[in-house]
Each structure stands twice: as C-alpha cells, then as structure tokens.
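Visitor: My questions all concern the structure below.
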Amino acid sequence: MMMSGLLLVGGVVLVGSPASEAQVTKSGSKYQLRMKWSKGAKLGYNLEMKQVGGSSAPMKMGIDYVVSSVKGNSGVVDVTVKGMGQEPQKEKLTIDNRGRSIGGSTSGFGNILEFPQEAVSIGGTWKTKANLPGMGGGSMAGTATNTLKGFRTEGGKQYAHVVTDLKTTGGGVTGAGTTNTLISMSDGHIFRSSMNLKMSVSMKDSNGKPVNQSVNMAITMTRK
C-alpha cells in the first residue's frame with residue numbers, strides 16, 4: 001500500500017496505493033490489512049519535499065489516482081503527478097488488495113508499504129522488497145521493514161499507525177530513512193505519511209573524479 005501515495009526523492013518515485021473501501025479488521029488478537037477496489041474511485045494527495053538544512057524552497061507536487069477498472073482483487077489505477085515545473089506525468093498501474101503494484105512504463109513507479117499476507121499484531125513486522133530507479137538510469141534495490149505500531153485518533157477518526165524503515169542501494173545512491181504513515185481504519189486510504197531520508201549520492205566532477213554528496217530530505221504526503 002504505498003508510502004500508500006507517491007514519493008519522488010532524488011529521481012526515485014515511490015508509489016503508495018490508493019485503496020478504495022478497504023478495511024483494517026481485527027482477527028483474534030491481530031489485525032488484517034486489505035484493500036477493496038471500486039471502479040471510478042478517486043483519490044488525491046499533496047506532497048512536499050525539502051532538503052533539511054537547505055535554503056531552497058520546498059518542492060510541491062500533486063498526485064491524483066483514478067480507478068479505471070477492477071479485475072478480481074486488483075484495481076487498474078491511472079496515476080497523474082503534477083508539479084515541479086514539468087508536464088504532468090502519467091502512469092497506469094495494477095494494484096492488488098495487499099497494495100502490490102504491477103505495471104508502469106518505468107520501474108520508477110513502485111511500492112514501499114505493502115500489506116502483509118497474514119494478520120499482524122501490534123508491534124508485528126513484515127518486509128517489502130522492490131527494485132527502484134537510481135541515478136543515471138541505473139537501478140536501486142530497496143528493502144523496507146514495516147511495523148504496526150498501534151492506532152491513533154485524530155479529528156474523531158481512527159487510524160492505524162505504520163512505521164517503515166527503508167534501506168536502498170544501487171544506481172549511484174545509497175540511502176536510509178524512516179516513514180510514519182497513518183492509514184484510515186474504515187477505508188484503508190493513507191491519511192498522512194512523512195519520511196526522513198538520508199542519501200549518499202556518488203557522481204563525477206567536471207574532471208571525471210568521483211565525488212560523494214550527502215543529502216537529507218524531509219517528505220510529507222497529505223490527503224486532499
């Protein structure tokens with residue numbers, strides 16, 4: 001279910017799945033997280049990225065999802081990304097009821113937060129693996145460890161709280177970060193997600209000599 005929304009960090013696009021009519025249900029002492037898809041469902045997010053300690057203004061983006069069709073337990077989703085002074089970027093993804101995505105013309109649209117196969121207890125963990133794009137057209141392998149931390153109430157509504165520890169490497173970039181995500185108990189949508197990501201980027205200067213640059217990014221995604 002993606003950090004579930006989309007994050008673009010140093011050329012890496014991380015899509016979180018827009019769930020429709022999903023449920024977070026109790027199963028004994030554990031909780032099952034699933035998504036149910038509905039044709040025509042729409043969902044939008046505002047995303048802001050800024051470099052910690054930097055002087056430049058935050059980068060802002062809008063992300064919109066439309067479920068064009070449903071196939072079994074999966075939704076076919078049209079994703080549109082707007083902002084950053086570029087033409088809107090569009091992709092079509094198929095996402096199942098655990099948030100696992102397939103498709104897209106580039107591997108840049110991939111998932112971090114997927115729901116586990118089995119019900120999970122508070123404090124329970126599950127892992128996600130993904131191949132993400134790196135610098136210069138390379139690839140970057142990512143591993144995310146997700147933990148159901150518990151539940152929070154904001155504005156009279158209850159949300160499941162999931163923390164994701166992410167590690168990535170490849171394509172000239174290594175990184176590690178932590179994401180805090182609130183997921184609606186009633187419909188499975190992400191309400192808010194925030195990430196702190198520290199990256200080390202390897203590149204070459206004008207003389208062809210290797211240069212390493214450290215970047216610390218703060219990213220927030222909020223449902224419209």
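Visitor: Between ASN212 and LYS39, what length in nm is gained on full extension when 0.36 nm per residue of separation is reduced by their alpha carbon distance?
Guide: 57.6 nm
Visitor: Continuing with this model, one more query. Label points 7 Å out from Cα along the Cβ direction at ASN46 and GLN117: separation in nm?
Guide: 4.1 nm
Visitor: Shifting gears a bit: Residues of the range 141-165 with the amide nitrogen closer than 15 Å to a label point 7 Å from the Cα of LYS127, along Cα-to-Cβ, please.
Guide: 141-147, 165
Visitor: Give me a comma-separated list of calculated 3J(HN,Hα) values for the range 207-219, in order, Karplus coefficients 6.51, -1.76, 1.60 applied at θ = phi - 60°, integers in Hz, x for any Gly or Pro.
Guide: My calculation for the range 207-219 gives 9, x, 8, x, 9, 10, 10, 9, 10, 10, 10, 10, 10 Hz in order.
Visitor: Please go through the residue pairs LYS82/LYS157; LYS90/LYS198; LYS149/LYS204; LYS60/LYS149; LYS60/LYS167; LYS50/LYS204 and name each one whose alpha carbons sit more than 32 Å apart in this structure. Walk me through the intermediate numbers first.
Guide: Working: LYS82/LYS157 29 Å; LYS90/LYS198 27 Å; LYS149/LYS204 41 Å; LYS60/LYS149 29 Å; LYS60/LYS167 24 Å; LYS50/LYS204 24 Å.
Long pairs (Cα-Cα over 32 Å): LYS149/LYS204.
Visitor: What FRET efficiency comes out for SER55 versus LYS92 if R0 is 41 angstrom and r is the Cβ-Cβ distance? Round to the nearest 0.05. Kindly include the intermediate steps, with their values, before the conclusion.
Guide: On the way: r = 38 Å, r/R0 = 0.92.
The calculated FRET efficiency here is 0.60.
Visitor: Counting only residues 5 or more places away or on other chains, whose amide H sits under 5 Å from the amide H of ARG34 once H atoms are built in the peptide plane?
Guide: Placed amide hydrogens put GLN23, THR25 under 5 Å from ARG34.
Here, each number is a calculation from the coordinates, and none is a lab measurement. Model, not experiment: these values are computed from the prediction. Neighbour counts are summed over all protein chains in view; Cβ atoms, including those assigned to glycine, are modelled from backbone coordinates with ideal geometry.
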